[in-house]
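To start, the structure under review is shown below, and the notes come after it.
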Amino acid sequence: MNSTDIVRGFWEAMRGNDFTLAAERWLSPDYIGLWPQSSEVIQGPAAYARVNNAFPGRGDWRFEERALLADGARVVTDMLISNAPLEVEIHAITFHETRDGLIHRQTEYWPDRYPRPDWRADLLPVDPEIARW
């Protein structure tokens, strides 16, 4: 199984909304997850499952692969993550590092949408369809 298969297997497991199963099957025992925007560190599969199971909207999370780039043991994914009842639709840009058939480390960014700055109003068009998340 190559790194792309491992990461796609992980996201497929996440689609089932069984975050404990996804963590136990696809994350290494010494897994480290980094969320740089909030400086949080997830240490181990149990901690990953615990934080994901604590998210609101249990059972309604959807994961759509928008892009995947792989280079050896490193894989980057752009996932559209949504929850219709909570009116959430956001991207997760995740840098995965695989080893021995598992994900050893993830660094994940959740970029927020923001309005175009006023200084660019006359420079670039806004097209929500083309730029759709």
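The values are calculated or read from the model by the stated rules, or taken from the named source; none is laboratory data. Not measured: the values here are computed from a predicted model. Note: ideal-geometry Cβ built from the backbone for every residue, glycine included; neighbour counts use all protein chains shown. Protein only, heavy atoms only, side chains kept; ligands, DNA and RNA dropped before computing areas. Shrake-Rupley method; radii C 1.70, N 1.55, O 1.52, S 1.80 Å.
Residue-by-condition table, conditions (1) out of contact with any helix residue (DSSP H, G or I) (no Cβ under 7 Å at 6 or more places or on another chain); (2) not charged (D, E, K, R):
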{"residue": "Glu65", "(1), (2)": "no, no"}
{"residue": "Val76", "(1), (2)": "yes, yes"}
{"residue": "Met79", "(1), (2)": "no, yes"}
{"residue": "Ala84", "(1), (2)": "yes, yes"}
{"residue": "His91", "(1), (2)": "yes, yes"}
{"residue": "Thr98", "(1), (2)": "no, yes"}
{"residue": "Gly101", "(1), (2)": "no, yes"}
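What number goes with the only condition from (1) open to solvent by 80 Å² or more (accessible area, probe 1.4 Å); (2) at pLDDT 95 or above; (3) out of contact with any Phe, Trp or Tyr (no Cβ under 9 Å at 6 or more places or on another chain) that Glu97 does not pass?
The failed condition is (1).
Kindly evaluate Tyr109 against the criterion of being over 19 Å from Asn2 (Cβ atoms), open to solvent by 30 Å² or more (accessible area, probe 1.4 Å) and modelled with pLDDT of 95 or more.
Yes: the conditions hold for Tyr109.
Of all residues in the range 68-99, count the ones that are over 9 Å from the mean Cα position of the chain (by Cα) and within 21 Å of Leu27 (Cα to Cα).
13
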